[in-house]
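Remarks on the structure that follows.
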Amino acid sequence: MDEQPPAASRRAADVAPRRSDKNPWNWLLLLPIVLPLLVPLYNRRDPELFGWPFFYWAQLAFVVVGVLTTTLVHRAHQRRKQG
Amino acid sequence: MDGINTVELAVFIAFFVVVTALGFGAARWRRAENLMHLDEWGLGGRSFGTWITWFLIGGDIYTAYTFVAVPALVFGAGAAGFFAVPYTVVVYPLIFLVVIRLWSVSHVRGFVTPADFVRSRFDSPTMALLVAITGIVATMPYIALQLVGIEAVLKTMGVTGELPIIVAFLILAVYTYSSGLRAPALIAFVKDTLIYLTIIVAVIVIPTKLGGWDVVFGAAEEKFDLAGSGGLLLPGTGQLQYATLALGSALALFLYPHSITGALAAKSRGTLQKNMSLLPVYSLALGFIALLGFMAIAAGTTPVDGDGNTIVPALFQQMFPSWFAGIAFAAVGIGALVPAAIMSIAAANLFTRNIYKEYLKKDATPTQEAKVAKLASLVVKVGAVAAIIFIDPQFSIDLQLIGGAIILQTLPSVGIGLYTRWLHRGALVAGWTAGMLTALWTLYEIPRLGPDGTVVREHFGGSAFSLGKLGLDTSTTVYAGFLALLVNLVVAVLVTVALRAMKVDDGVDGTADSDYTAEREDPSVRDLPDPLDSAAGDAARRG
C-alpha cells in the first residue's frame with residue numbers, strides 16, 4: 001500500500017464511482033462555525049434568562065444551532081445518496 | 001477533610017472493580033477471528049455503529065481532565081474559562097465534511113494513522129515522520145493529565161500517595177493490552193452514564209441549595225470584582241484570544257491521533273455524520289460542568305491543599321451525601337481511563353506504523369506489528385505515570401498546552417491534504433518547521449500573572465500571546481497556536497510557489513480522487529487493509 005504504483009490508483013478509480021461531496025446545504029454549516037467566533041456579539045450581560053447572563057445562555061443556544069444545522073445537512077446528504 | 005472518607009472510597013472502588021471486569025470482558029465482545037492484527041486491536045475491527053462511536057469519541061474528547069480543569073478555570077478566571085463551550089460547538093460543523101473524507105480514503109487505502117495518509121498522499125516519508133512524532137509528543141502529556149484528574153479525586157477523598165494511581169494505571173495498561181480499542185468503547189458506556197447522572201443531579205440540586213442561579217452568578221461577580229481580575233464577561237482585550245483559542249482548539253482536536261483513531265473505527269460515513277450532530281449533547285453537559293466553577297464560588301468551596309483542580313470534587317463532597325459523591329468521583333476516575341486508553345493506543349499505532357515499520361523493520365509481519373503496538377502502548381502509559389510521579393504535574397499541564405499548539409502544525413498536511421495536494425511536500429516540511437518554532441517561541445514568551453498582576457513565572461505561563469510583543473501598539477492577546485498556524489500556512493504557500501517555479505519533483509499521489517468520497521458499500525472500501533491483511537481473512541470477514 002505504501003509504495004503503491006499509479007496503476008493501482010487507477011484500478012481503485014475504476015471500482016469506486018466518482019462522487020462529489022459538494023451540496024448547497026453545506027453552506028448552512030457556516031452558521032454554527034461563525035456565530036460562536038463573533039465574541040462581541042454575545043459578550044454582554046443582558047438580556048438575562050433564568051438568572052443566566054446572555055454570555056452564558058447564548059453560547060449554550062449555539063450548541064442547539066450546531067445540532068440543528070448538522071442534522072439538516074446530514075439529512076440532505078442522505079437524500080442525495082438515495083436519490 | 002481529615003483522613004479518608006470510607007463511604008466515598010468504597011463506592012469509588014466498587015465502580016472501579018466493575019469497570020475492570022468489563023475491560024477484560026471486552027476482549028470477547030464483538031469478537032473478530034483474530035485479535036493479533038493491528039487493525040483488530042487498534043481500531044476495534046472498524047465496525048463501530050452510531051452509538052458506540054458516540055460513546056467512544058465522546059469519551060475521547062470530553063476527558064476527566066476537562067471535567068476537572070474547565071470548572072477550575074471558570075472558578076479562577078470566570079468567562080475566559082467558558083471557551084470550552086464555543087470550542088466544542090465550532091468543531092463539529094468544521095470537520096463535518098473533512099473527517100468523512102479521511103474515513104473514506106483510509107478505508108480504501110488501509111491507513112491506520114494520519115501519518116499513513118500523509119506518507120501516501122504527498123509521497124513524503126519525512127513529512128509522515130514529522131506528523132508521527134508531533135502526534136506522539138502532543139499525546140503523551142495529554143495522557144499524563146488524565147492522571148491529574150484521578151489525583152484530584154483521590155486527594156479529595158483523603159487518599160494520598162502515588163500507589164493508588166500506579167494501581168489504577170496498571171489495571172488500565174493490562175486490559176488495553178489484552179482487549180485493544182474494545183475496552184475503552186465498552187467502559188465509555190459506564191463512564192458517560194455516571195457523568196450524565198452526576199451532571200443532571202448537580203445542576204438541579206446545587207443551585208437550588210444555594211438559592212437559585214442569580215445567586216450563583218451574583219456570588220461569582222462579587223468575587224471577581226473584589227479580586228480585580230477575571231469576571232462574568234470578557235475584557236475587551238481578551239475577546240480575540242477567546243475566539244482564536246476556541247477556533248484553534250477546534251482545529252487541533254481532530255488532528256490529535258486519538259480522535260482520528262476514534263473516527264476511523266466508525267462503521268460508515270453516515271455513522272460519522274450522524275455523530276457530528278449527536279456529539280454536541282456533550283457540549284451542553286460541558287457548559288453546565290463549567291458553571292460548577294461558579295457554584296463552587298457561591299458555596300464558598302475551597303480547593304484541597306490549594307490545588308485548584310480539586311475544586312469540583314470538593315464541591316461535590318460539600319453538597320452531596322457521601323455515597324453519591326463516591327459515584328461522581330467514580331465518573332471522573334473512569335472518565336480518565338477511557339481517553340488514556342485510546343490515546344495510548346493511538347500513540348502506539350503511530351510508533352508502530354510510521355517509525356518501527358518505516359525505519360526500523362521494513363519487513364515486519366502483521367503479527368509482529370500488533371505485538372510492537374501492544375508493547376508501545378504499555379511503554380506510553382508507563383511513561384505517563386512516571387511523568388506524574390517524578391515530574392511536577394504543572395509540567396505536564398504546560399506540555400499539554402504546547403501539545404495543542406504543535407498538533408495544529410500538522411493541519412496543512414493532514415487537513416488541507418484531504419482536499420488538495422497543491423502544497424508541495426518540501427513546503428509542508430518548511431511550514432511545519434516555521435510553525436513549530438513560532439509556537440515554541442510565543443509560548444515561551446508568555447508569562448504567568450498572579451491575581452494582582454505581578455509576574456509569577458516568566459515563561460510558558462499560558463496560551464494568550466500579547467500582540468504588543470510583535471511591536472503592535474495594542475494589549476490585545478491572541479492564541480499562540482493560532483498565530484503559529486498562520487506562519488506555517490504562509491511559509492507553506494510561499495515555498496510551494498518557489499518549488500513549483502523551480503519544477504522540483506512533488507512525488508506521486510498514492511490516492512485517487514474517488515477514494516475521498518467512497519462509501520462503505522463500494523468494492524474499493526475494505527475492512528482490513530493490505531498489507532496487514534491476508535486475502536482469506538478479508539473474504540471471511542466480508543462474508
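The values are calculated or read from the model by the stated rules, or taken from the named source; none is laboratory data. The structure presented is a predicted model; accordingly, all values stated were derived computationally and were not measured. We place every Cβ from the backbone using ideal geometry, glycine too, and count neighbours over all the protein chains shown.
Does residue A:57 satisfy being at pLDDT 90 or above, part of a helix (DSSP H, G or I) and more than 7 Å from every other protein chain (Cβ to nearest Cβ)?
Answer is yes for this residue.
Identify, please: which residue in the stretch B:91-136 is over 22 Å from the mean Cα position of the chain (by Cα) and outside any helix (DSSP H, G or I) and is, among those, nearest to the other protein chains (Cβ to nearest Cβ)?
B:110
The conditions are (1) surrounded by 15 or more Cβ atoms within 10 Å (Cβ to Cβ); (2) modelled with pLDDT under 80; (3) touching a helix residue (DSSP H, G or I) at 6+ places or on another chain (Cβ under 9 Å), and residue A:20 fails exactly one of them. Which is it?
Residue A:20 satisfies every listed condition except (1).
How many of the residues in the stretch B:401-443 are of a type outside the set (A, V, I, L, M), farther than 28 Å from residue B:100 by Cβ and either surrounded by 19 or more Cβ atoms within 10 Å (Cβ to Cβ) or modelled with pLDDT under 85 (or both)?
3
Mind counting the residues in the stretch B:220-241 that are out of contact with any strand residue (DSSP E or B) (no Cβ under 9 Å at 6 or more places or on another chain) and either within 19 Å of residue B:295 (Cα to Cα) or within 10 Å of another protein chain (Cβ to nearest Cβ) (or both)?
So the answer is 6.
Go through (1) over 18 Å from residue B:242 (Cβ atoms); (2) of a type outside the set (A, V, I, L, M, F, W, C); (3) modelled with pLDDT of 85 or more one by one and return the number of the condition residue B:469 breaks.
Result: residue B:469 passes all but (3).
With respect to residue B:173, is the statement that it is away from chain A (no Cβ under 14 Å) and touching a strand residue (DSSP E or B) at 6+ places or on another chain (Cβ under 9 Å) true?
Answer is no for this residue.
Restricting the search to the stretch B:255-284, which residues are in a helix (DSSP H, G or I) and over 26 Å from residue A:82 (Cα atoms)?
The answer is B:257, B:258, B:259, B:260, B:261, B:262, B:280, B:281, B:282, B:283, B:284.
Output yes when any residue across the stretch B:249-258 is out of contact with any helix residue (DSSP H, G or I) (no Cβ under 8 Å at 6 or more places or on another chain) and in contact (Cβ under 8 Å) with a residue 40 or more places away in the chain, and no when none is.
Looking through the stretch B:249-258, none of the residues is out of contact with any helix residue (DSSP H, G or I) (no Cβ under 8 Å at 6 or more places or on another chain) and in contact (Cβ under 8 Å) with a residue 40 or more places away in the chain.
Among the candidates B:208, B:198, B:244, single out the residue that is surrounded by fewer than 15 Cβ atoms within 10 Å (Cβ to Cβ) and among the hydroxyl-bearing types (Ser, Thr, Tyr).
B:208
Do you know which of the residues in the stretch A:38-51 that are buried (at least 18 other Cβ atoms within 10 Å of the Cβ) and facing chain B (nearest Cβ under 7 Å) is nearest to residue B:291 (Cα to Cα)?
Applying the filter and picking the extreme gives A:43.
Could you tell me whether the stretch B:185-204 includes any residue that is of a type outside the set (Asp, Glu), more than 14 Å from chain A (Cβ to nearest Cβ) and in contact with a strand residue (DSSP E or B) (Cβ under 8 Å, 6 or more places away or on another chain)?
So far as the stretch B:185-204 goes, yes, one or more of its residues are of a type outside the set (Asp, Glu), more than 14 Å from chain A (Cβ to nearest Cβ) and in contact with a strand residue (DSSP E or B) (Cβ under 8 Å, 6 or more places away or on another chain).
Each row is one residue, and each column tells you yes or no for (1) free of Cβ contacts under 8 Å to residues at least 12 places away in the same chain; (2) away from chain A (no Cβ under 14 Å); (3) closer than 30 Å to residue B:402 by Cα.
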{"residue": "B:471", "(1), (2), (3)": "yes, yes, yes"}
{"residue": "B:477", "(1), (2), (3)": "no, no, yes"}
{"residue": "B:483", "(1), (2), (3)": "no, yes, yes"}
{"residue": "B:487", "(1), (2), (3)": "no, yes, yes"}
{"residue": "B:500", "(1), (2), (3)": "no, yes, no"}
{"residue": "B:508", "(1), (2), (3)": "no, no, no"}
{"residue": "B:517", "(1), (2), (3)": "no, no, no"}
{"residue": "B:521", "(1), (2), (3)": "yes, no, no"}
{"residue": "B:524", "(1), (2), (3)": "no, no, no"}
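Testing residue B:152 on (1) within 14 Å of chain A (Cβ to nearest Cβ); (2) crowded, with 24+ Cβ neighbours inside 10 Å; (3) modelled with pLDDT under 85, one condition comes back false. Which one is that?
The single condition residue B:152 does not satisfy is (1).
Scanning the stretch B:477-490 for residues that are touching a Ser or Thr at 6+ places or on another chain (Cβ under 8 Å) and assigned to a helix (DSSP H, G or I), which turns out nearest to residue B:414 (Cα to Cα)?
Only one residue tops the list, namely B:488.
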